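Bear in mind these aren't lab numbers, they're just calculated from the coordinates by the rules spelled out. Computed from a predicted model, the values in this text were never measured in an experiment. Cβ: placed from backbone, ideal geometry, glycine included. Neighbour counts: every protein chain shown.
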Ligand SMILES: Cc1cc2nc3c(=O)[nH]c(=O)nc-3n(C[C@H](O)[C@H](O)[C@H](O)COP(=O)(O)OP(=O)(O)OC[C@H]3O[C@@H](n4cnc5c(N)ncnc54)[C@H](O)[C@@H]3O)c2cc1C
């Protein structure tokens, strides 16, 4: 692997389209074996896409959320696990770009741009489950460094990452709402993998359990001590919801395209009549679901991009509602779309592992969407935020 | 002891939303509410309770990230909704 510090922002979609066939070819094996797609990660490192969101001044692509969404959608059409691995890395990079100390940025971002550093995310914790803005394990101040001991039950790509962004309680005597985000370089971190990732879907993400121990310099605190909530609302939640929605859409869109191509081909299952009202109604509904997610993704991505360009905060009830709606809606509609395709295609094409169209894999993969940051949590949050927006400012 | 700028009912409601504040600790005007257990979603319930208690309606435009940072900010938010910057009725 020879990392090439390219400047891919304008060509991110083209680079993603170039990688997609390779990812598609390997997706079945990655899923069956539950293996981390290390070859795909190497290809991503070499492409320059790992540094898409790194500013050009650091040698990165200088891309924005629109470039991210487009590349994620395209790559997910090949392999959803790989696209999510990349999307979550970009989510970490965005947080670093916008909130890391200048020292950490100078040290880390050029390496990210060169494709040398793949960053995994550690937010989930055993006791608190998915609750993002709280933490149990506490940082301990030991002179110039911070000691970090963290149990991390779900870490996508944890075994392969070169660094970790970890949420920790600010100090042993701090309340669990005072969360610090810290960067721990793999070289300086003791890692122990426990448990396996034998999940229904998203098997290539190898989202294993890990124990991390490190002493990190104080400059590695991202966004200031105890101030993770601001990093989450400004960057991690927004970029995560946009990138994940794009990934799920890309997978469902590719499944739909394959089904349409199959129906147009002489190989179509004899039991499916493309002229029947039942078939066309199902196709119509599925297409409409994808249209709605695509349009809303576009709209919310543009809203975040606009706020960023104008230096406006996105920590407002309407924008947070739009971001939550994007995530929940994309999770529900893309899963429903593939579920309907299974019904439309019937047993042999829809349900079999040997089908020419991997609908059963997509179905299992997309089932994770509602869980990967629980839709329930987002729905209740959105309802509360809606009470603060009497004028109902829609996206 | 200096008198608090707010009525006891206000303090009672606020304290009910601060699980991490000891019952006998003072409610300092600059107390960081988030650090004492007021999470961002709990602020919605608190806001509605305060509106009912004080008979005011806070326009959405007045709500900012800093509106619930400490007791004084909350009290001033209520006061501004009462119209002339004076304490709400
Ligand atoms: C493919 C995949 C990859 C992941 N990768 C990572 C990773 O790299 N790093 C990482 O840290 N985490 C990762 N996660 C974990 C993820 O971020 C969430 O923490 C996790 O999915 C939440 O698990 P949970 O279903 O137990 O839900 P929790 O959020 O823990 O909730 C448990 C249950 O309570 C309900 N519930 C909880 N709170 C509320 C509420 N306020 N209102 C309504 N209902 C509520 C939920 O619906 C759920 O049924 C990953 C998850 C998946 C699926």
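The calculated FRET efficiency for the pair residue B:61 and residue A:370, based on their C-beta separation and a Förster distance of 45 Å, comes to about 0.85.
Helix A:65-76 and the longest principal axis of the C-alpha atoms of chain A enclose an angle of approximately 50°. When a/c reaches 1.5 or more, the comparison of a/b and b/c decides; with that in mind, is segment A:121-222 rounded, prolate or oblate per its Cα gyration tensor? Taking the square roots of the gyration eigenvalues as a ≥ b ≥ c, segment A:121-222 is oblate. Kindly identify segment A:137-293 as rounded, prolate or oblate by the Cα gyration tensor criterion: order the square roots of the eigenvalues as a ≥ b ≥ c, call it rounded if a/c is under 1.5, otherwise compare a/b with b/c, prolate if a/b is larger, else oblate. Prolate, since a/c reaches 1.5 and a/b exceeds b/c. Report, to the nearest 10°, how far helix A:375-386 tilts away from the longest principal axis of the Cα atoms in chain A, using its own Cα long axis and a range of 0 to 90°. Its long axis makes an angle of about 70 degrees.
The residue A:147 and residue A:39 beta-carbon pair, evaluated with R₀ = 56 Å, returns a calculated FRET efficiency of approximately 0.95. Packing here is the average count of other Cβ atoms within 10 Å per residue, and on that basis the peptides A:317-323, B:49-55, highest first, run A:317-323, B:49-55. For chain B, the relative contact order is 27 percent, taking Cα pairs closer than 8 Å that sit 6 or more residues apart in sequence and dividing their mean separation by the residue count. Please say if chain A is rounded, prolate or oblate, where rounded means a/c under 1.5 for a ≥ b ≥ c the square roots of the C-alpha gyration tensor eigenvalues, and otherwise the choice is prolate for a/b larger than b/c and oblate otherwise? Prolate is the answer for chain A, as a/c is 1.5 or above and a/b outweighs b/c. Maximal additional length on extending the residue A:387-residue A:200 stretch stands at 63.7 nm, based on 0.36 nm per residue less the C-alpha distance. Using only DSSP helix segments of four residues or longer, with each worth -39500 (n - 2.57), what per-residue ellipticity at 222 nm results for the protein assembly as shown after dividing by its residue count and rounding to 500? About -15500 deg cm²/dmol. Paramagnetic label reach from residue A:128 (point 7 Å along Cα→Cβ; backbone nitrogen cut-off under 14 Å): within segment A:159-188, residues A:166-182. Normalised by the number of residues in chain A, the average gap of Cα pairs under 8 Å and 6 or more apart makes the relative contact order 16 percent.
Across peptide A:375-388, the average count of Cβ atoms from other chains found within 10 Å of a residue's Cβ is 2. Quick one: helix A:102-113 against the long Cα principal axis of chain A, what's the angle to the nearest 10°, folded into 0 to 90? Rounded to the nearest ten degrees, it is 30.
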